[in-house]
Amino acid sequence: MDSRSSSTCRVRQRGTGLRHAGREVTEYLLDAGGGVSMAVLDLGGIVTAVHCPDRQGRAGNIVLGPARLDDYLGGARNFNSLIGRYAGRIAGARCRLDGRDVRLAANEGPNALHGGPQGFGSRLWRVTALPDAADGSAAIELALDSEDGDQGFPGRLQVRVRYTLTRAAEWRIDYHAVTDQPTVINLTHHAYWNLGGGGSIEDHRLTLPAGRYAVLGAAMIPQGLEDVAGTPLDFRAGRRIGDGLRAAHAQIIAGCGYDHFFELHRSAPGLVPAARLEDPASGRVLHIETTEPGIQFYSGNFLDGTLQGHHGAMLRQGDALCLETQHIGDAPNRADAPGTVLRPGEVFTSTTVHRFGVMP
């Protein structure tokens with residue numbers, strides 16, 4: 001059911017004036033009464049705002065985005081959106097699947113990035129505002145049918161993503177997908193975080209419970225996993241992001257900063273800690289847990305000052321960062337990577353939880 005004719009007291013909707021694919025883009029406002037609220041577009045599942053309080057109780061938007069909504073269709077593609085069918089890079093825009101060569105749509109030189117030139121972040125999703133829950137949470141479900149051959153990917157993929165905002169100041173993302181042919185899948189969300197609401201993220205402190213990272217090779221394609229010990233990619237004990245952002249280290253040079261997959265510590269299935277991000281200035285803290293095997297830390301390296309942010313300043317490297325829970329990029333071409341193949345009769349599921357708070 002499309003929610004355009006329905007609403008709840010915890011989920012409201014409003015028009016944006018922006019049109020795409022012959023339809024007006026709608027914004028959904030979620031507020032569970034726990035001090036955190038968020039705004040979501042049916043365009044790409046884009047999160048335009050997450051408002052949460054700082055240590056003084058002052059609310060601010062900690063998702064950094066463009067000044068104009070129509071920039072999401074141009075220079076801000078993939079900003080704050082759902083990513084699919086495959087997050088990250090696939091080398092040569094091709095992979096082997098059940099003994100045959102699958103050719104994908106290239107959109108970063110010869111490679112396929114974030115699902116191709118018309119990935120999930122540029123699509124209009126069907127949105128349902130879910131009824132008020134007994135626990136006080138606010139939720140919407142986003143649905144998209146990706147047809148066989150979409151961006152070169154085989155099989156008709158039916159995707160459902162649920163955003164839930166809880167009274168405990170949590171944003172939970174639940175992914176669900178099925179296919180009618182074997183295909184590859186790697187879904188994530190590409191939110192750009194700045195816990196201060198603006199300025200640099202270099203003074204943010206990041207902790208990643210990850211002992212290994214994926215080495216970047218040519219064209220930033222992930223290679224084998226190496227130990228983080230003794231490198232600027234060791235975030236196990238927490239470190240100030242700016243201390244390593246411009247380090248004279250081969251991997252920081254290769255990524256123009258941080259743009260690396262980190263393998264999370266895992267002893268059992270289910271949610272595990274994935275990241276802790278702190279902003280000492282505002283006191284805000286973001287905890288992330290996930291069922292995914294890893295997390296991609298991206299320090300906004302290709303923000304080049306050509307796009308104005310909603311806070312008024314031009315966006316540059318170090319103004320925001322992404323923490324994308326996912327499988328490693330180029331996994332369909334790697335025998336040593338966890339499987340990303342989805343087959344008929346199987347169900348892809350994944351969950352990531354973002355928990356917002358303040359430092360003691």
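If only one of Gly224, Gly244, Gly238 is modelled with pLDDT under 95 and either on the phi > 0 side of the Ramachandran plot or not aliphatic (A, V, I, L, M) (or both), which one is it?
Gly224
Go through Arg212, Arg236 for me and flag whichever is outside any strand (DSSP E or B), under 22 Å from the mean Cα position of the chain (by Cα) and not small (Gly, Ala, Ser).
Sole residue among the options that is outside any strand (DSSP E or B), under 22 Å from the mean Cα position of the chain (by Cα) and not small (Gly, Ala, Ser): Arg236.
Per-residue answers, yes or no, for (1) crowded, with 17+ Cβ neighbours inside 10 Å; (2) over 13 Å from the mean Cα position of the chain (by Cα); (3) of a type in the set (S, T, N, Q):
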{"position": "Glu278", "(1), (2), (3)": "yes, yes, no"}
{"position": "Ser282", "(1), (2), (3)": "yes, yes, yes"}
{"position": "Leu315", "(1), (2), (3)": "yes, yes, no"}
{"position": "Ala335", "(1), (2), (3)": "no, yes, no"}
{"position": "Val353", "(1), (2), (3)": "yes, no, no"}
{"position": "Phe356", "(1), (2), (3)": "yes, yes, no"}
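Could you tell me whether Thr306 is β-branched (Val, Ile, Thr), over 19 Å from the mean Cα position of the chain (by Cα) and either farther than 21 Å from Ile83 by Cα or in a strand (DSSP E or B) (or both)?
yes
Please state which one of Ala76, Ala39 is closer than 25 Å to Thr325 by Cα and in a strand (DSSP E or B).
Checking each option against the conditions leaves just Ala39.
Take the residues in segment 41-63 that are touching a Leu at 6+ places or on another chain (Cβ under 7 Å) and not charged (D, E, K, R); name whichever of them is surrounded by the most Cβ atoms within 10 Å (Cβ to Cβ).
Gly44
For (1) in a loop (DSSP other than H, G, I, E, B); (2) touching a residue at least 60 places away in the same chain (Cβ under 8 Å), each residue gets a yes or a no:
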| site | (1), (2) |
| --- | --- |
| Arg266 | yes, no |
| Glu289 | no, yes |
| Ile295 | no, yes |
| Gly312 | yes, yes |
| Leu315 | no, yes |
| Leu323 | no, yes |
| Ala335 | yes, no |
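Pairs please, first residue from segment 27-47 and free of Cβ contacts under 8 Å to residues at least 12 places away in the same chain, second anywhere and outside any loop (DSSP other than H, G, I, E, B), Cβ atoms under 9 Å, 6+ apart in sequence or on different chains.
Between residues of segment 27-47 that are free of Cβ contacts under 8 Å to residues at least 12 places away in the same chain and residues that are outside any loop (DSSP other than H, G, I, E, B), there is no close pair.
Would you check if there is a residue in segment 88-110 being under 23 Å from Gly44 (Cα atoms), under 21 Å from the mean Cα position of the chain (by Cα), among the polar types (S, T, N, Q) and surrounded by fewer than 24 Cβ atoms within 10 Å (Cβ to Cβ)?
The answer is yes, given that some residue of segment 88-110 is under 23 Å from Gly44 (Cα atoms), under 21 Å from the mean Cα position of the chain (by Cα), among the polar types (S, T, N, Q) and surrounded by fewer than 24 Cβ atoms within 10 Å (Cβ to Cβ).
Condition check ((1) in contact with a helix residue (DSSP H, G or I) (Cβ under 6 Å, 6 or more places away or on another chain); (2) over 23 Å from His114 (Cβ atoms); (3) modelled with pLDDT of 95 or more) across all residues:
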{"site": "Asn194", "(1), (2), (3)": "no, no, yes"}
{"site": "Glu202", "(1), (2), (3)": "yes, yes, yes"}
{"site": "Pro209", "(1), (2), (3)": "no, yes, yes"}
{"site": "Val215", "(1), (2), (3)": "no, no, yes"}
{"site": "Ile252", "(1), (2), (3)": "no, no, yes"}
{"site": "Asp259", "(1), (2), (3)": "no, no, yes"}
{"site": "Gly270", "(1), (2), (3)": "no, yes, yes"}
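Write out, first by first residue and then by second, each pair whose Cβ atoms fall under 7 Å of each other, whose residues are 6+ apart or on separate chains, and whose first residue, in segment 169-186, is within 19 Å of Ala143 (Cβ to Cβ) while the second is of a type in the set (D, E, K, R) and assigned to a strand (DSSP E or B).
Between residues of segment 169-186 that are within 19 Å of Ala143 (Cβ to Cβ) and residues that are of a type in the set (D, E, K, R) and assigned to a strand (DSSP E or B), the close pairs are Asp174/Arg162; His176/Arg160.
If we keep just the residues of segment 215-233 that are part of a loop (DSSP other than H, G, I, E, B) and closer than 16 Å to Ile295 by Cβ, which is farthest from the chain's Cα centre (by Cα)?
Val228
Against the condition in contact (Cβ under 8 Å) with a residue 40 or more places away in the chain, of a type in the set (Asp, Glu), out of contact with any Lys or Arg (no Cβ under 7 Å at 6 or more places or on another chain) and surrounded by 23 or more Cβ atoms within 10 Å (Cβ to Cβ), how does Asp330 come out, does it pass?
no
Determine whether segment 187-198 contains at least one residue that is small (Gly, Ala, Ser), out of contact with any His (no Cβ under 6 Å at 6 or more places or on another chain) and in a strand (DSSP E or B).
Checking segment 187-198: not a single residue is small (Gly, Ala, Ser), out of contact with any His (no Cβ under 6 Å at 6 or more places or on another chain) and in a strand (DSSP E or B).
What pairs come up if the first residue lies in segment 120-140 and is touching a residue at least 60 places away in the same chain (Cβ under 8 Å) and closer than 22 Å to Val159 by Cβ, the second is crowded, with 19+ Cβ neighbours inside 10 Å and acidic (Asp, Glu), and their beta carbons are under 6 Å apart, counting only those six or more places apart or on different chains?
Every condition considered, the pairs that remain are Leu124/Asp42; Trp125/Asp42; Val127/Asp42; Thr128/Glu141.
So Leu307 clears everything in (1) touching a helix residue (DSSP H, G or I) at 6+ places or on another chain (Cβ under 9 Å); (2) buried (at least 24 other Cβ atoms within 10 Å of the Cβ) except one condition, right? Which one?
If we test Leu307 against (1) touching a helix residue (DSSP H, G or I) at 6+ places or on another chain (Cβ under 9 Å); (2) buried (at least 24 other Cβ atoms within 10 Å of the Cβ), just (2) comes out false.
Of the conditions (1) surrounded by fewer than 20 Cβ atoms within 10 Å (Cβ to Cβ); (2) touching a Gly at 6+ places or on another chain (Cβ under 8 Å); (3) touching a residue at least 12 places away in the same chain (Cβ under 8 Å), Arg246 satisfies every one except a single condition; which number is it?
Result: Arg246 fails condition (3) only.
The values are calculated or read from the model by the stated rules, or taken from the named source; none is laboratory data. Not measured: the values here are computed from a predicted model. Positions of Cβ are generated from backbone atoms using ideal geometry, with glycine treated the same way; all protein chains shown enter the neighbour counts.
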